[in-house]
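The values are calculated or read from the model by the stated rules, or taken from the named source; none is laboratory data. Every value quoted in this text rests on a predicted model; they were computed, and no experiment measured them. Using ideal geometry, Cβ is built from the backbone for each residue, glycine included, and neighbour counts are taken over all protein chains shown.
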Amino acid sequence: MIEAVGLTKRYGPKTAVQDLSFSVRPGIVTGFLGPNGAGKSTTMRMLLGLDTPSAGHATVNGRRYAEHAAPLREVGAMLEARAIHTGRSAFNHLLALAATHGIARSRVEQVIDLVGLREVARRRAGGFSLGMGQRLGIASALLGDPATLILDEPVNGLDPEGILWIRNLLKSLAAEGRTVLVSSHLMSEMALTAEHLIVIGRGRLIADTSVAEFTASASRGGVLVRTPDAVRLAELLGALPQVTVRTDAQDPHRLEVEGADGERIGRLAAEHALVLFELTPQQASLEEAFMELTKDAVEYEAVVTPRALVEEHAA
């Protein structure tokens with residue numbers, strides 16, 4: 001289990017993390033999200049004792065990271081996958097790490113097979129592709145068979161097969177009762193992998209909740225309806241108190257309804273013998289929810305230049 005209590009980190013006049021408290025429970029994958037500059041990397045560095053907090057403290061499995069006698073056996077971390085000696089082979093890189101904690105050579109062999117690097121294990125890591133480097137970083141994190149994993153952007157550089165592999169791996173490790181904290185900018189992947197989210201912006205906590213609750217908080221609560229009797233159904237729904245109906249000029253069979261749930265709409269349609277093709281609650285995606293709830297916490301915001309201005313400047 002990971003515990004952060006009042007974590008604060010200042011670099012001169014700049015406060016990167018401000019009074020941040022959260023817990024990461026074992027048994028589920030927890031996503032750690034935030035815009036660029038939100039303080040995610042700084043927070044993970046403080047969890048691992050790489051940065052000293054200006055205030056507050058963090059513990060992993062009940063102790064500060066530096067207090068563990070064999071940290072690799074307690075916490076597996078990957079903050080920078082390419083933090084390796086480029087002249088060493090993947091096998092020797094892992095073997096050197098294993099030697100620092102009395103980890104058997106057989107375990108090195110196991111993690112090489114687990115991450116799919118057997119064919120390149122004797123090649124110099126400096127020549128690895130981004131995806132191969134990511135797999136080696138994950139192997140390093142898993143080397144001590146730790147109860148806790150902290151991974152920063154583990155799917156970077158992985159192909160679709162690799163992304164599916166890491167997704168299933170993280171879920172299986174959590175199912176074994178391990179604590180898994182994963183940072184990522186890929187909202188679609190987090191939606192498929194994580195069950196719980198910790199979201200920060202400008203160094204402060206924005207949300208500490210389940211994925212379902214997070215997306216529900218940004219959903220409008222409407223219902224998408226498709227019916228060949230759209231005009232009649234819109235009239236019936238519009239006569240109900242506090243119900244709003246929007247039609248679609250491009251699709252005459254489509255309605256967006258707010259103020260009535262699917263059951264109420266379905267019953268009303270049945271009472272008047274109206275056919276329904278579709279009745280779908282509108283749920284915000286994780287990406288939509290993230291963009292909505294962090295819009296005021298974006299530190300680096302791009303300015304979209306109208307195409308006409310770009311063309312005029314180029315001319």
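Below is a table of values for the structure above.
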{"item": "Any hit, segment 256-265, residues being over 34 Å from the mean Cα position of the chain (by Cα), at negative phi, in a helix (DSSP H, G or I) and surrounded by 13 or more Cβ atoms within 10 Å (Cβ to Cβ)", "result": "yes"}
{"item": "Criterion: in contact with a His (Cβ under 9 Å, 6 or more places away or on another chain) and under 30 Å from Arg10 (Cα atoms) - qualifying residue of Pro53, Pro71", "result": "Pro71"}
{"item": "Hits in segment 211-237 - residues which are more than 30 Å from Ala191 (Cα to Cα) and in a helix (DSSP H, G or I)", "result": "Ala230, Val231, Arg232, Leu233, Ala234, Glu235, Leu236, Leu237"}
{"item": "Index of the failed condition, Gly56 passing every other in (1) crowded, with 23+ Cβ neighbours inside 10 Å; (2) more than 22 Å from the chain's Cα centre (by Cα)", "result": "(1)"}
{"item": "Qualifying residue in segment 238-245 (condition: part of a helix (DSSP H, G or I), without any contact (Cβ under 8 Å) to a residue 24 or more places away in the chain and within 30 Å of Pro13 (Cα to Cα))", "result": "no"}
{"item": "Residue in segment 208-232 that is surrounded by the fewest Cβ atoms within 10 Å (Cβ to Cβ), counting only those that are under 13 Å from the mean Cα position of the chain (by Cα) and of a type outside the set (S, T, N, Q)", "result": "Asp208"}
{"item": "Matching option when the condition is charged (D, E, K, R) and within 22 Å of Ala174 (Cα to Cα), among Arg118, Arg123, Arg88, Arg63", "result": "Arg63"}
{"item": "Hits in segment 88-127 (condition: among the aliphatic types (A, V, I, L, M) and part of a loop (DSSP other than H, G, I, E, B))", "result": "Ile103, Ala104, Val115, Leu117, Ala121"}
{"item": "Strands (runs of 3 or more DSSP E) within segment 1-49 that include 3 or more residues among the aliphatic types (A, V, I, L, M) and closer than 28 Å to Lys171 by Cβ", "result": "2-11"}
{"item": "Hits in segment 282-296 (condition: exposed (fewer than 12 other Cβ atoms within 10 Å of the Cβ) and either touching a residue at least 12 places away in the same chain (Cβ under 8 Å) or acidic (Asp, Glu) (or both))", "result": "Asp296"}
{"item": "Long-range neighbours under 6 Å by Cβ, at least six apart or interchain, first residue free of Cβ contacts under 8 Å to residues at least 24 places away in the same chain and under 15 Å from Leu142 (Cβ atoms) within segment 89-105, second assigned to a helix (DSSP H, G or I) and aliphatic (A, V, I, L, M)", "result": "Leu95/Val108"}
{"item": "Considering residues of segment 69-87 that are in contact with a strand residue (DSSP E or B) (Cβ under 7 Å, 6 or more places away or on another chain) and either part of a loop (DSSP other than H, G, I, E, B) or more than 28 Å from Pro26 (Cβ to Cβ) (or both) only, the residue modelled with the lowest pLDDT", "result": "Thr86"}
{"item": "Members of segment 188-209 found to be assigned to a strand (DSSP E or B) and touching a residue at least 40 places away in the same chain (Cβ under 8 Å), listed by number", "result": "His196, Leu197, Ile198, Val199, Ile200, Gly201, Arg204, Leu205, Ile206, Ala207, Asp208"}
{"item": "Failed criterion for Gly6 (all others in (1) of a type in the set (Gly, Ala, Ser); (2) touching a Lys or Arg at 6+ places or on another chain (Cβ under 8 Å); (3) more than 17 Å from Ala141 (Cα to Cα) hold)", "result": "(2)"}
{"item": "Test set (1) in contact with a Pro (Cβ under 7 Å, 6 or more places away or on another chain); (2) surrounded by fewer than 16 Cβ atoms within 10 Å (Cβ to Cβ) - Thr179 fails condition number", "result": "(2)"}
{"item": "Any hit, segment 120-139, residues being surrounded by fewer than 18 Cβ atoms within 10 Å (Cβ to Cβ), touching a residue at least 12 places away in the same chain (Cβ under 8 Å) and among the hydrophobic types (A, V, I, L, M, F, W, C)", "result": "yes"}
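For every residue, the table says whether it meets (1) closer than 30 Å to Thr42 by Cα; (2) modelled with pLDDT under 95.
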residue: Ser184; (1), (2): yes, yes
residue: Ile198; (1), (2): yes, no
residue: Val223; (1), (2): no, yes
residue: Pro228; (1), (2): no, no
residue: Leu233; (1), (2): no, no
residue: Gln250; (1), (2): no, yes
residue: Leu268; (1), (2): no, no
residue: Ala273; (1), (2): no, no
